[in-house]
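Colleague: My questions all concern the structure below.
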Amino acid sequence: MSEQKGFHADMEKCIGCKCCEAACQDFYRMPPEIRWRKVRSFEMGEFPTALRVHLSLACNHCEDPACMKGCPVEAYTKRGKDGLVIHDPTACIGCQYCTWTCPYGVPQFDPVQGVVSKCNGCYQRVDEGLMPRCVESCLTGALSFGNVDLHAAEQRQVVTEAPGFPDPSITRPSTRFAWPLKGPQPDHQVSIAPPAADPHAPAQKEGK
Amino acid sequence: MSAGMDRRSFLKLSLAATATVGMAGEVFATTSGQSYVSGGPAPAHVEPEQWVYSTCGFCGTGCGIEIGVKEGKPVAVRGTKGYPVNDGLLCAKGIYQWQSILASDRGRHPLVRKDGKMVQATWDEALNTMTGKFKDLIAKYGPDSIACYNTGQLAMEEFYVLGKLMRAGIGTANLDGNTRMCMASAVVGHNRSFGTDGPVGAYADIEEADVIMISGSNMAECHPILFGRVVKARAAKGTKVICIDPRMTQVSRIADIYLPIKPGSDVVLLNAMAHVVIAQGLVDRTYVDAHTSGYDALVKHLEKYTPEYAADICGVPAATIVEAALMYAKAERSLSMWVMGINQSINGTQANNAFHNLNLLQGKIGKPGCGSFSITGQPAAMAAREVGGSSTYPGYRAIANAQHREQVAALWGVDPKKLPDKSPAITEILDAAIEGKIKALWVICTNPLMSLPDQNRVRKALEKLELLVVQDAYETADTAQMAHIYLPATMWAEKSGIMVNSERRMNLLKPAVKPPGETRSDFDIIVDVARRMGYGELFPFKNTAEAFEEIKKMTKGRPNDYTGVTYERIEANKGLQWPVKDAASTGTPRLYTDGQFNTPDKKAVLWAMDPVPLPEVPSEKHPFMLNTGRVQEHYHTGTKTRKVPQLNKLVPTAYVELNPRDAERLGIEYGDQVRLTNDRGSITVKAVITAMIAPGSCFVPMHFSEGPVNALTVWAVDKFSKEPNFKQQAVQISKA
Amino acid sequence: MMNWLHDAQYSLVLFTLFTQASVGAFWVLLVSDFLKRKAPDAIQDAFTRIGTYILVPLTAVGLIFSTTHLGRPIYAWRALRHIDSSWLSREIWGFGLFFGLVALYTFLWWKRINDAELRRHIGVVTGIVGVLAIVSQIMVYQIPGRPTWNHLSTFPLFGASGLILGPLAVAVVYSIVWGRFIDLKQGEATVRLSHRRLGITLLSGAVIYAVGLLWRLHFLASSAYQPSAAVAGKAAVGAETVKTALVIGHQIVEANRLMLGLQAALGIGVPALLAVALWYLHKKGASLKLCNALIAAGLPLVALGELAGRALYYLTGRPWF
């Protein structure tokens, strides 16, 4: 493959505003239940040093897409020129197998339409030289998109792992991350845990 | 902390946290009838035929938008590229707002209550009933038996004609807006410190500043576009952020210094910061001597506000207070931004003045990257303040100022004696309604039953009225359901006019789509009411543009001078920041750049202040401190955003945020129904367990009529601004 | 309830159980067919022949339930397209072929009874296709995308289901036809023999199933409750995330102990008890009617246990991210 395009999500810059989600969903006129891009929130620590961080994820356009391998009807294709994984709902029979094989919950089944659909990386826009809608609509510059090899030059940090993000060795996703400055770090795992349980502590005097 | 924690509870928590993304039920309901299957991998994107220039109808950020129109209907909204506020970006609410125009509960016809039921009526019937009753009441009880409660979401011209009708026409003092709920403390704070109202700075200061202190503002959720600019500035040039908030937010996450103060202790903290600035010799004496008054008294007053003293009251270490004060004061350019956490408080006005103090002490007013910035909550709240839509006369003229009233009377050609010299707040108006002094209330584009404190008291007041007229886009709005007369109004995308954002930027509304049914613009309705009341000669306007010409005359020479503004110039310049003194001016980013303030002696006032105690603190009976506010997916009472299925899916219903410690103690788990109770009321909402809220505190958003947090809020107001104290009340929490 | 059925993948529960039962039943009949190759026995042939009646319906019902799971069942045939890399495609090929071959095998029993060699050849092919289909079916669940399923214990579990349900179904058919279509006296010896074999099959099925279940439970529990020091209280990253999925799976099992109990008691206990009872009753020379009654009562109980177990299997495969 000549090139693999993918998203980069900077968790320090992400404020969880869900504009990426909304822009995508609005642009493609998806029903409320189907969100090709989803912002996940993770919380850790204890007030007033707790940390809530966000992970904005859509399709990871994997190098080894499990969805495509498992799909019985060949609804998935991976583009040679940029590695985007495209799902064609017209071919889909709604067996939902890809919703199992994808560890990231990317393909989503819509019982009303009877098919699965997923983020196609706005490939038509990409072909026109535009950015995907989510990237274009990001308020903070937390999301970017481009050749995976080029992220390193532009981003503070480029790692393949993110908190809770399923093992990248499964499908070799193309999404890369920069971790929040506070809290856990990719090379040095820090405790992500809820407050130590002290159920009898008086509520009023804590944490101030 | 990891020691006491096993994997299982971590997982439980992380699952719960993930679940906050969508706590909806599992029931599927599809709204878009269109299939995205047929399009293949190219789904059902709808490309509008035309994009119409407009202004966002949500918060006071005032983003430039373009409304995508296809076959006369809105199909999309996008940010205006190159617009100085948002440069093509929009928040989630903004993106989806076209859907709220198409909501099925848009009023299409006037409704009049007959035998207890609302029935369809003609405009003639509805307006004649209304004005007939008004006239009767005026004849019987005088003009002060009539009140009007409006909004921060009309166009400037509409506020103007409304103010003129109520004050110069009917002659009632009882005109207030829901801007009382958000901006009153900022208004009075500006008045007291600078002589008149009007935010000092510009959004461009965000990029210019070295330090930004964000207080009492969940800017990340409530003004996401502005916070996006903060985050970008921070990434680009390392701008430092100080966050003052009892509740953890994304602002506190990115903050270099986070001060999780005890609820309501902001004045003490700010006084202590000013104390540090003085004690460390960081005062700009040249500026202070030349442009402020009250310095010596302030220095003396602040002696007792040592960091140690404040640390005790605010619950943050003295060293952190000093660190924050020094970070703020030692920076060349530092900017304070705040919203409702400061304003909606019994000490709101004083806290505003405390920010102004801090900045005035260092001459950080009217300079790039510096200043005091109280962000507004509604898209045209500023317009209401500027042209007499609520508690002012047009041109920032004070109600109580006889000279100002004479100027206005002369411009309007009415007897100055007719113009009211006071302006009661909505809380006073409703108390007067309960006492039977006010007989009729005209509610325009706001939902007081949901948004005012102490819902049961509000309901009692509304029930007491002989006539409740509700003029709104939605006939199902909670207050509209109590109305005797309902008047269907058009929405922002269906009419023309001017809105003004937090940085004094005037922007244009253009009618982009056809309004549904027989709806009429608020401007038309108000002018029609005026004519039916017999004040037609005061309203010789055929359209909003003609009214704006009169407004310009009213503001000429005033701080908010619009002389050089026309609709065309606004669009061409992508908004104009007033004052715009002539047609050559491209607006004024910052006020008071010359240190000349609008006080009689042209000096800003440094106020020596002590906060008053909170109206309510947690007790044994009501052990939790209840805070209220918004979420990013919804706006105010949800009349618009809850019509958008995509937004409603994200945050579908009312909830309370509880600290995991408290939840564990009370045996409450994520998603449980819990009851919040105090002497004023009780609500049942879902529990969301999060460490972002302090132990002993809880937070409920205000958007949900099924769990109306304002059933619990306290009826207590700031003595200067009369702004209610929404952020601190005591409640008891139990599993429902 | 609808949501629960949806989460428990009722379509797939029925699809997998019916197809596995049909393969199990087929193998019983095929083995009977072969055992009598050297010494033809008209009575046993009559039993086997009638037994084949259930193969086509069992497989057909299974296949029908495979399509009710689809969003667009009318395009179900398209699932055959991706045989080169999709185990799901292979599974559908497998059961599609199996269905055709079973129909052919049944046809040969009924219309070409004398073509025994051809029938047995076809039967061997059918049996192999059936086993391969079940292997494909199991491979469908060997996916890292759902860690709770991605475990070899699915082999014994799915295999044992076929081994228990198929023969039991055949035995019930035998008990029904015996005395109605086949003379009581003449059939007695065959029925007695079949019961002995059924007992052995059920016992081995129950053992395999029990091994599979314990293996699976151990798999779900091991990651969840023995976190190493390096794992405890840390952010789940990379391979660690898989363990969080297993924790979820384990929590689901814990929350559905009733189903687990049904699975163990009815899915394992009943066939084992039945095996013991048959052995004991035959040893004591008890009435065959009593044995048949026990078998007839056993099938629905075992089926309930299998349903509960399979539904729990699907419930544990919840999305984990």
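Colleague: Working carefully through the options B:Glu308, B:Glu323, find the one that is in contact (Cβ under 8 Å) with a residue 24 or more places away in the chain, among the acidic types (Asp, Glu) and surrounded by fewer than 24 Cβ atoms within 10 Å (Cβ to Cβ).
Modeller: B:Glu323
Colleague: For the subset of the range B:462-480 comprising residues that are without any contact (Cβ under 8 Å) to a residue 40 or more places away in the chain and surrounded by fewer than 24 Cβ atoms within 10 Å (Cβ to Cβ), which member is nearest to B:Ser104 (Cα to Cα)?
Modeller: Looking at the filtered set, the residue picked out is B:Leu468.
Colleague: Hey, any hits in the range B:195-208 for a residue that's assigned to a helix (DSSP H, G or I), touching a residue at least 12 places away in the same chain (Cβ under 8 Å) and open to solvent by less than 10 Å² (accessible area, probe 1.4 Å)? Walk me through it before giving the result.
Modeller: So the first thing to find is which residues in the range B:195-208 are assigned to a helix (DSSP H, G or I), and the list is B:204-208.
Those still in the list that are touching a residue at least 12 places away in the same chain (Cβ under 8 Å) too: B:204-208.
Those left that are additionally open to solvent by less than 10 Å² (accessible area, probe 1.4 Å): B:205-206.
Yes; the residues of the range B:195-208 include at least one that is assigned to a helix (DSSP H, G or I), touching a residue at least 12 places away in the same chain (Cβ under 8 Å) and open to solvent by less than 10 Å² (accessible area, probe 1.4 Å).
Colleague: Determine the pairs where a residue that is more than 7 Å from every other protein chain (Cβ to nearest Cβ) and under 20 Å from A:Leu55 (Cα atoms), located within the range A:94-111, has a partner that is part of a loop (DSSP other than H, G, I, E, B) and among the β-branched types (Val, Ile, Thr) with Cβ atoms under 7 Å apart, the partner being 6 or more residues away or on another chain.
Modeller: A:Gln108/A:Ile34
Colleague: Please go through the range C:80-106 and give me each residue that is at the interface with chain A (Cβ under 7 Å from one of its Cβ atoms), touching a Gly at 6+ places or on another chain (Cβ under 9 Å) and at pLDDT below 95, ordered by number.
Modeller: C:His82, C:Ser85 - these are the residues of the range C:80-106 that are at the interface with chain A (Cβ under 7 Å from one of its Cβ atoms), touching a Gly at 6+ places or on another chain (Cβ under 9 Å) and at pLDDT below 95.
Colleague: Another one. Can you say whether B:Cys222 is more than 10 Å from every other protein chain (Cβ to nearest Cβ) and open to solvent by 10 Å² or more (accessible area, probe 1.4 Å), as far as the supplied structure shows? Write out each step before concluding.
Modeller: Values: more than 10 Å from every other protein chain (Cβ to nearest Cβ): yes; open to solvent by 10 Å² or more (accessible area, probe 1.4 Å): yes.
Criteria met by B:Cys222.
Colleague: Filter the range C:188-220 down to the residues that are touching a Gly at 6+ places or on another chain (Cβ under 7 Å) and either farther than 16 Å from C:Gly166 by Cα or open to solvent by 10 Å² or more (accessible area, probe 1.4 Å) (or both) and list them by number.
Modeller: C:Ile208, C:Leu220 - these are the residues of the range C:188-220 that are touching a Gly at 6+ places or on another chain (Cβ under 7 Å) and either farther than 16 Å from C:Gly166 by Cα or open to solvent by 10 Å² or more (accessible area, probe 1.4 Å) (or both).
Colleague: Does the range A:155-174 contain at least one residue that is within 18 Å of the chain's Cα centre (by Cα), at pLDDT 95 or above and within 9 Å of chain B (Cβ to nearest Cβ)?
Modeller: Scanning the range A:155-174, I find no residue that is within 18 Å of the chain's Cα centre (by Cα), at pLDDT 95 or above and within 9 Å of chain B (Cβ to nearest Cβ), so the answer is no.
Colleague: State which residue pairs qualify: first residue within 14 Å of chain B (Cβ to nearest Cβ) and inside the range C:3-17, second residue of a type in the set (Phe, Trp, Tyr) in any location, beta carbons under 7 Å apart, and separation of 6 or more residues or different chains.
Modeller: Here the result reads C:Ala8/C:Tyr314, each pair linking the range C:3-17 to a residue that is of a type in the set (Phe, Trp, Tyr).
Colleague: Just give me the residues in the range B:250-261 being in contact with a helix residue (DSSP H, G or I) (Cβ under 6 Å, 6 or more places away or on another chain) and not hydrophobic (A, V, I, L, M, F, W, C), in sequence order.
Modeller: Residues satisfying the conditions are B:Gln250, B:Tyr258.
Colleague: Applying the selection to the range C:29-55, what residues are touching a residue at least 12 places away in the same chain (Cβ under 8 Å), under 18 Å from C:Phe181 (Cβ atoms) and not polar (S, T, N, Q)?
Modeller: Within the range C:29-55, C:Leu29, C:Asp41, C:Ile43, C:Asp45, C:Ala46, C:Phe47, C:Arg49, C:Ile50, C:Gly51, C:Tyr53, C:Ile54, C:Leu55 qualify.
Colleague: Examine the range A:112-120 for a residue that is out of contact with any Gly (no Cβ under 6 Å at 6 or more places or on another chain), surrounded by fewer than 17 Cβ atoms within 10 Å (Cβ to Cβ), polar (S, T, N, Q) and within 12 Å of chain B (Cβ to nearest Cβ), and state whether such a residue exists.
Modeller: no
Conditions (1) open to solvent by 10 Å² or more (accessible area, probe 1.4 Å); (2) at pLDDT 95 or above, marked per residue:
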{"site": "B:Met609", "(1), (2)": "no, yes"}
{"site": "B:His622", "(1), (2)": "yes, yes"}
{"site": "B:Gly638", "(1), (2)": "no, no"}
{"site": "B:Pro645", "(1), (2)": "yes, no"}
{"site": "B:Lys649", "(1), (2)": "yes, no"}
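Colleague: Go through the range B:385-405 and give me each residue that's of a type in the set (Gly, Ala, Ser), at pLDDT 95 or above and open to solvent by less than 10 Å² (accessible area, probe 1.4 Å).
Modeller: B:Gly395
Colleague: Tally the residues that are away from chain A (no Cβ under 14 Å) and either assigned to a loop (DSSP other than H, G, I, E, B) or touching a residue at least 40 places away in the same chain (Cβ under 8 Å) (or both), restricting the search to the range C:294-321.
Modeller: Here is the first cut: in the range C:294-321, the residues away from chain A (no Cβ under 14 Å) are C:294-312.
Filter again for either assigned to a loop (DSSP other than H, G, I, E, B) or touching a residue at least 40 places away in the same chain (Cβ under 8 Å) (or both), leaving C:295-296, C:298-299, C:302-312.
Residues flagged as away from chain A (no Cβ under 14 Å) and either assigned to a loop (DSSP other than H, G, I, E, B) or touching a residue at least 40 places away in the same chain (Cβ under 8 Å) (or both) within the range C:294-321 amount to 15.
Colleague: Same structure again: Do any helices (runs of 4 or more DSSP H) entirely within the range B:486-595 hold 1 or more residues that are outside the structural domain of B:Val69 (by TED's automatic domain parsing), surrounded by fewer than 18 Cβ atoms within 10 Å (Cβ to Cβ) and acidic (Asp, Glu), and if so, which?
Modeller: On the way: elements: B:522-533, B:544-555, B:567-573.
Because the criterion is at least 1 residues that are outside the structural domain of B:Val69 (by TED's automatic domain parsing), surrounded by fewer than 18 Cβ atoms within 10 Å (Cβ to Cβ) and acidic (Asp, Glu), the helices (runs of 4 or more DSSP H) in the range B:486-595 that meet it are B:544-555, B:567-573.
Colleague: How many residues are open to solvent by 30 Å² or more (accessible area, probe 1.4 Å) and more than 26 Å from the chain's Cα centre (by Cα) when one looks only at the range C:290-321?
Modeller: Residues flagged as open to solvent by 30 Å² or more (accessible area, probe 1.4 Å) and more than 26 Å from the chain's Cα centre (by Cα) within the range C:290-321 amount to 1.
Colleague: Looking at (1) open to solvent by 20 Å² or more (accessible area, probe 1.4 Å); (2) within 14 Å of chain A (Cβ to nearest Cβ); (3) without any contact (Cβ under 8 Å) to a residue 24 or more places away in the chain, which one does B:Glu125 not meet, given that it meets all the others?
Modeller: Of (1) open to solvent by 20 Å² or more (accessible area, probe 1.4 Å); (2) within 14 Å of chain A (Cβ to nearest Cβ); (3) without any contact (Cβ under 8 Å) to a residue 24 or more places away in the chain, only one is false for B:Glu125: (2).
Colleague: Residue check, B:Met118 against (1) within 23 Å of the chain's Cα centre (by Cα); (2) surrounded by 17 or more Cβ atoms within 10 Å (Cβ to Cβ), all met but one. Which one?
Modeller: Just one mismatch for B:Met118, condition (1).
Colleague: Among the residues of the range A:76-87, are any facing another protein chain (nearest Cβ under 8 Å), hydroxyl-bearing (Ser, Thr, Tyr) and open to solvent by 10 Å² or more (accessible area, probe 1.4 Å)?
Modeller: Taking every residue of the range A:76-87 in turn, none turns out to be facing another protein chain (nearest Cβ under 8 Å), hydroxyl-bearing (Ser, Thr, Tyr) and open to solvent by 10 Å² or more (accessible area, probe 1.4 Å).
Colleague: OK, next. Can you confirm whether the range C:24-41 contains a residue that is open to solvent by less than 10 Å² (accessible area, probe 1.4 Å), closer than 21 Å to C:Gly159 by Cα and either over 18 Å from the mean Cα position of the chain (by Cα) or of a type in the set (Ser, Thr, Tyr) (or both)?
Modeller: No, that holds for no residue.
Colleague: Same structure, new question: If we keep just the residues of the range C:56-79 that are surrounded by fewer than 18 Cβ atoms within 10 Å (Cβ to Cβ) and within 17 Å of C:Ser22 (Cα to Cα), which is nearest to the other protein chains (Cβ to nearest Cβ)?
Modeller: C:Ile64
Colleague: Of all residues in the range B:450-461, which are part of a helix (DSSP H, G or I) and open to solvent by 10 Å² or more (accessible area, probe 1.4 Å)? Please lay out each step first, then the result.
Modeller: First, pick out the residues of the range B:450-461 that are part of a helix (DSSP H, G or I): B:450-451, B:455-461.
Selection gives B:Ser451, B:Gln455, B:Asn456, B:Arg457, B:Arg459, B:Lys460.
Colleague: Tell me yes or no: at least one residue of the range B:667-675 is more than 14 Å from chain A (Cβ to nearest Cβ), within 24 Å of B:Ile342 (Cβ to Cβ) and in contact with a helix residue (DSSP H, G or I) (Cβ under 9 Å, 6 or more places away or on another chain).
Modeller: There is no residue in the range B:667-675 that is more than 14 Å from chain A (Cβ to nearest Cβ), within 24 Å of B:Ile342 (Cβ to Cβ) and in contact with a helix residue (DSSP H, G or I) (Cβ under 9 Å, 6 or more places away or on another chain).
Colleague: Pairs under 9 Å by beta carbon, first residue at positive phi in the range B:401-428, partner surrounded by 14 or more Cβ atoms within 10 Å (Cβ to Cβ) and aliphatic (A, V, I, L, M), six or more apart or different chains?
Modeller: Partner pairs satisfying both residue conditions: B:Gly413/B:Ala168; B:Gly413/B:Leu538.
Colleague: Please work out which residue is farthest from the chain's Cα centre (by Cα), limiting yourself to the range A:97-111 and to residues that are open to solvent by 20 Å² or more (accessible area, probe 1.4 Å) and farther than 24 Å from A:Gln4 by Cα.
Modeller: A:Pro111
The values are calculated or read from the model by the stated rules, or taken from the named source; none is laboratory data. Note that the structure is a prediction, hence the values are computed from the model and not measured. Cβ sites come from the backbone with ideal geometry, for glycine too, and all protein chains shown count toward neighbours. Surface areas here come from the heavy atoms of the whole protein model, side chains and all, with no ligands, DNA or RNA. Shrake-Rupley method; radii C 1.70, N 1.55, O 1.52, S 1.80 Å.
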